[in-house]
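One structure below.
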Amino acid sequence: MSQLEEILDYNQHFVKNESYRPYEAPSRPVKKMTIVSCMDCRLIELLPKALDVKNGDAIMLKSAGGMVESPYSNTMKSILVSLYELGSEAVYIIGHTNCGMHGLHGHKMVDDIKQRGVSDQKFATVREQGVDLDQWLNGFQSVEEEVQKSVTIVKNHPLLPEGTPVIGLVIDPKTGELKKI
Ligand SMILES: [Zn+2]
């Protein structure tokens, strides 16, 4: 059975047995909070459990490293949507130790992409869009600094509702322990 077939098979039972019942929730976040965090697979369940966040409690935004890269990135747009349209009132930026983006250099990832057989011509197509790949694919050297950078971008955003708390945290992906930045 392929992975998709397994998923669809499981899904039929999930719905039929009403296994969704414990997860029924309103569409606006009950705890009025927006969380920006890393896509790391260890955080799927650990992060909400460690924060006592249940289905329906928070808006959860995920990306590589959990970074807010610029004031007009998709992540920043999503934060604004959560605050203006979905009733969220606070933003939590949560980085984590032992992150895959820690120490990742754009040029290393460019090498990895080349190794997979992507042609120079395709790289040229990207460059024609004015993209500096080395910079675009860069990770970070310090998770604390990176979280602080994201917090600053959100705090200084001209469209952020006045008085919105923007909080930076770092989570341990093994124990779930939080440290404030
Ligand atoms: Zn990560």
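No lab work stands behind these numbers, since they all come straight from the coordinates. Treat the numbers as computed from the prediction; the structure is a model and nothing was measured. A quick note on method: Cβ atoms are made from the backbone with ideal geometry, for glycine too, and the neighbour counts reach across all protein chains shown.
Cβ crowding within 10 Å ranks Glu146, Glu128, Glu69 as Glu128, Glu69, Glu146, fewest other Cβ atoms first. Taking every DSSP beta bridge that has both ends in the chain, the antiparallel portion is near 15%. Taking the Cα of Ala124, stepping 7 Å toward and past its beta carbon, and measuring to each backbone N in region 84-116: which are under 20 Å? Residues 110-111, 113-116 qualify, since their backbone N sits under 20 Å from the label point.
Here Lys179 is the anchor, and the aspartates and glutamates within straight C-alpha reach of less than 20 Å, apart from those fewer than 8 places off in the same chain, are Asp40, Glu45, Asp52, Glu144, Glu145, Glu146.
Only DSSP H runs of four or more residues enter the estimate; each adds -39500 (n - 2.57), and after division by the residues of the chain the mean residue ellipticity at 222 nm equals -11000 deg cm²/dmol. Amide H contacts of Ile167: Val91, Tyr92, Ile93, each under 5 Å away and 5 or more positions distant or on a separate chain (H built 1.01 Å from N in the peptide plane; Pro and chain starts excluded). When the charge dipole of region 120-181 is built from unit charges on Cβ atoms (+1 for Lys and Arg, -1 for Asp and Glu) and taken about the Cα centre, the candidate among Leu159, Thr175, Val147 whose Cα reaches farthest toward its positive end is Thr175.
Phi-derived couplings, Karplus 6.51 cos²θ - 1.76 cosθ + 1.60 at θ = phi - 60°, listed residue by residue for region 55-69: 3, x, 7, 9, 8, 10, 10, 10, 7, 5, x, x, 8, 9, 6 Hz, with x used for Gly and Pro. Evaluated with a Cβ-only charge set (Lys, Arg +1; Asp, Glu -1), the chain carries a dipole of roughly 260 debye about its Cα centre, given to the nearest 20. With the simple spin-label model, which puts each label point 7 Å out from Cα in the Cβ direction, the Tyr10 to Asn55 separation comes to 1.5 nm. Quick check: from the Cα gyration tensor, does region 115-172 come out rounded (a/c under 1.5), prolate or oblate? Oblate, because a/c is 1.5 or more while a/b does not exceed b/c.
Amide H to amide H distances under 5 Å link Leu104 with Gly139, Phe140, where only residues 5 or more positions off or on other chains count and H is placed in the peptide plane.
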